[in-house]
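Colleague: Just dropping this structure here.
The values are calculated or read from the model by the stated rules, or taken from the named source; none is laboratory data. Quick caveat, the model's predicted, so the values are computed rather than measured. Every residue, glycine among them, receives a Cβ derived from its backbone with ideal geometry; neighbour counts consider all protein chains shown.
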Amino acid sequence: MQRIKLIFLIAATALCCFSEVLAKTWYVRQDGTGDTRSIKTGVDGAGPGDTVLVAPGLYYEGTIYIDKSVHVISEAGPEQTIINHVGSPSTEEHVIQVENTTDCSIIGFTIQGGDCDLASRGGGLIIGQSNVLVMNNKIQENWCANGGGIFVRGNPAPSVINNLIFANGAFVGGGILIADSSPIIMNNTVVANSVSVNAGGIRIMGDSKPIIKYNLVCYNAAPTDYYGGVYCSVDVDSLVFECNNIWSNWPSGTDYGGTIADLIGIDGNMSVDPLFCGVYGSDNYYLQQGSPCAEANVPSCCNGIRIGYYPVNCTTSIEQSTWGKIKSSMKERGSGNEEGSSPP
């Protein structure tokens with residue numbers, strides 16, 4: 001019996017090593033020196049465990065569909081590696097769709113141009129039942145009925161970490177919409193998204209139990225009587241909602257709504273000016289040295305972790321914020337929520 005167990009162990013180890021040897025890197029280069037000029041073609045050709053490594057460039061792509069364990073990574077980051085969706089609006093016109101997979105990653109791209117029809121979900125990214133890592137991307141200028149930037153549904157769920165989610169549009173959930181899912185949403189800047197119904201920034205609904213920490217949600221917009229910031233309809237006890245700054249969303253006073261309306265000042269959550277380096281409309285979301293979102297100034301319970309995507313990248317003479325001053329400011333401001341009609 002011991003001999004049989006040993007043979008089985010050796011065989012399993014050999015199979016694992018063999019699989020690692022078989023893993024391949026597919027090079028996507030527009031100059032023709034790689035395996036393909038198209039990201040979509042590289043993903044379609046890749047096998048489980050493969051990496052699709054993308055050189056800098058502007059890539060005009062149809063919907064990139066991922067249903068296997070592949071890692072799609074840029075060589076030079078989102079400023080230099082742009083995926084621009086092409087095609088007429090239809091139910092499948094997302095930039096990237098990830099379905100029913102594990103151990104997958106999308107790292108280092110600008111993802112833009114998604115344009116779905118009136119019944120669809122996820123203009124930039126739609127993620128279903130997949131624990132994909134979405135990190136260090138700029139997800140911008142996409143539109144879809146539900147979840148203009150990102151739509152997340154089902155479990156296992158993704159980790160959406162360190163992204164700019166900017167200028168997307170939707171009926172509901174302009175930046176991110178979470179439905180019946182439990183993703184990790186951390187260190188994102190969700191800014192200047194808009195909706196024609198509710199939740200310009202983030203919408204949480206259904207049987208969802210997400211972890212939402214260290215996010216900066218501001219300048220998002222919704223119609224009068226709806227919520228521009230974050231709107232949640234799940235039991236607050238099912239959330240991990242910590243160290244987020246939800247500020248200056250429109251209409252005024254709609255930064256937090258639904259079941260999270262009373263979390264300002266609790267677990268490091270706040271609603272205060274993040275002190276961006278750029279003026280409003282400049283799209284410069286780097287932080288001033290005195291920003292309450294900078295590592296040195298966050299509440300003590302946030303463990304010195306920056307809030308949002310961008311670090312400090314300018315210095316000013318503005319007096320440095322402290323958590324005591326922030327709490328005082330929030331107390332004067334109040335919860336900032338106004339009663340309106342019942343949003344969806």
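Colleague: Would you kindly identify the strands (runs of 3 or more DSSP E) lying entirely within the range 125-173 that contain at least 3 residues that are among the aliphatic types (A, V, I, L, M)?
Modeller: Details: elements: 125-128, 133-135, 138-140, 150-153, 159-161, 164-166, 169-172.
Once the strands (runs of 3 or more DSSP E) in the range 125-173 are filtered for at least 3 residues that are among the aliphatic types (A, V, I, L, M), what remains is 125-128, 133-135.
Colleague: Also, quick follow-up: Can you name every one of the strands (runs of 3 or more DSSP E) wholly within the range 45-102 that holds 2 or more residues which are in contact with a helix residue (DSSP H, G or I) (Cβ under 8 Å, 6 or more places away or on another chain) and farther than 20 Å from ASP31 by Cβ?
Modeller: Working: elements: 51-54, 57-61, 64-66, 71-74, 81-85, 96-99.
Result: 64-66.
Colleague: Now for a separate question. Please determine, by comparing only the residues of the range 301-328 that are within 26 Å of PHE166 (Cβ to Cβ) and more than 25 Å from the chain's Cα centre (by Cα), which one is modelled with the highest pLDDT.
Modeller: THR315
Colleague: Looking at (1) at pLDDT below 95; (2) within 30 Å of GLY173 (Cβ to Cβ); (3) surrounded by fewer than 21 Cβ atoms within 10 Å (Cβ to Cβ); (4) of a type outside the set (Ser, Thr, Tyr), which is the only condition ASP67 fails?
Modeller: Result: ASP67 fails condition (1) only.
Colleague: With (1) surrounded by 19 or more Cβ atoms within 10 Å (Cβ to Cβ); (2) farther than 18 Å from ILE165 by Cβ; (3) in contact (Cβ under 8 Å) with a residue 40 or more places away in the chain as the list, and CYS218 as the residue in question, which single condition is left unmet?
Modeller: So CYS218 meets the others, but not (2).
Colleague: Can you go through GLY114, GLY148, GLY175 and tell me which one is crowded, with 21+ Cβ neighbours inside 10 Å, under 18 Å from THR81 (Cα atoms) and either touching a Cys at 6+ places or on another chain (Cβ under 8 Å) or touching a residue at least 12 places away in the same chain (Cβ under 8 Å) (or both)?
Modeller: Working: GLY148 fails: under 18 Å from THR81 (Cα atoms); GLY175 fails: under 18 Å from THR81 (Cα atoms).
Every option except GLY114 fails the conditions.
Colleague: Right, here's the next one. Could you tell me which of the residues SER271, SER252, SER181, SER233 is in contact with a Gly (Cβ under 9 Å, 6 or more places away or on another chain), buried (at least 24 other Cβ atoms within 10 Å of the Cβ) and farther than 20 Å from ASN168 by Cβ? Steps first, please.
Modeller: Working: SER252 fails: buried (at least 24 other Cβ atoms within 10 Å of the Cβ); SER181 fails: farther than 20 Å from ASN168 by Cβ; SER233 fails: buried (at least 24 other Cβ atoms within 10 Å of the Cβ).
SER271 is the lone residue from the list that is in contact with a Gly (Cβ under 9 Å, 6 or more places away or on another chain), buried (at least 24 other Cβ atoms within 10 Å of the Cβ) and farther than 20 Å from ASN168 by Cβ.
Colleague: Within the range 131-144, restricting attention to residues that are on the phi < 0 side of the Ramachandran plot and touching a residue at least 40 places away in the same chain (Cβ under 8 Å), which residue is surrounded by the fewest Cβ atoms within 10 Å (Cβ to Cβ)?
Modeller: Of the range 131-144, the ones on the phi < 0 side of the Ramachandran plot are 131-135, 137-140, 142-144.
Next, only the ones that are touching a residue at least 40 places away in the same chain (Cβ under 8 Å) stay: 132, 137-138, 142, 144.
Details: VAL132: 28, ASN137: 29, LYS138: 22, ASN142: 31, CYS144: 33.
Ranking the qualifying residues of the range 131-144, first place goes to LYS138.
Colleague: Sticking with this structure for a sec: What pairs can you find where one residue is in the range 266-283 and under 20 Å from ALA221 (Cβ atoms), the other is of a type in the set (Asp, Glu), and their Cβ atoms are less than 7 Å apart, with a gap of 6+ or different chains?
Modeller: Here the result reads SER271/ASP255, each pair linking the range 266-283 to a residue that is of a type in the set (Asp, Glu).
Colleague: All but one of (1) buried (at least 20 other Cβ atoms within 10 Å of the Cβ); (2) at pLDDT 95 or above hold for ILE211; which doesn't?
Modeller: Unmet for ILE211, out of (1) buried (at least 20 other Cβ atoms within 10 Å of the Cβ); (2) at pLDDT 95 or above: (1).
So that you can scan it fast, the table gives a plain yes or no per residue for (1) under 13 Å from the mean Cα position of the chain (by Cα); (2) farther than 17 Å from TYR309 by Cβ; (3) β-branched (Val, Ile, Thr):
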position: LYS138; (1), (2), (3): yes, no, no
position: ASN146; (1), (2), (3): no, yes, no
position: PRO158; (1), (2), (3): yes, no, no
position: SER182; (1), (2), (3): no, yes, no
position: ILE185; (1), (2), (3): yes, no, yes
position: ASN198; (1), (2), (3): no, yes, no
position: GLY206; (1), (2), (3): no, yes, no
position: CYS218; (1), (2), (3): no, no, no
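Colleague: Can you tell me how many residues within the range 1-55 are modelled with pLDDT under 95 and of a type in the set (D, E, K, R)?
Modeller: Looking only at that region, the number is 3.
Colleague: In this structure, is GLN80 out of contact with any Cys (no Cβ under 7 Å at 6 or more places or on another chain) and either of a type in the set (Gly, Ala, Ser) or within 24 Å of ASN155 (Cα to Cα) (or both)? Spell out the reasoning first.
Modeller: On the way: out of contact with any Cys (no Cβ under 7 Å at 6 or more places or on another chain): yes; either of a type in the set (Gly, Ala, Ser) or within 24 Å of ASN155 (Cα to Cα) (or both): no.
No.
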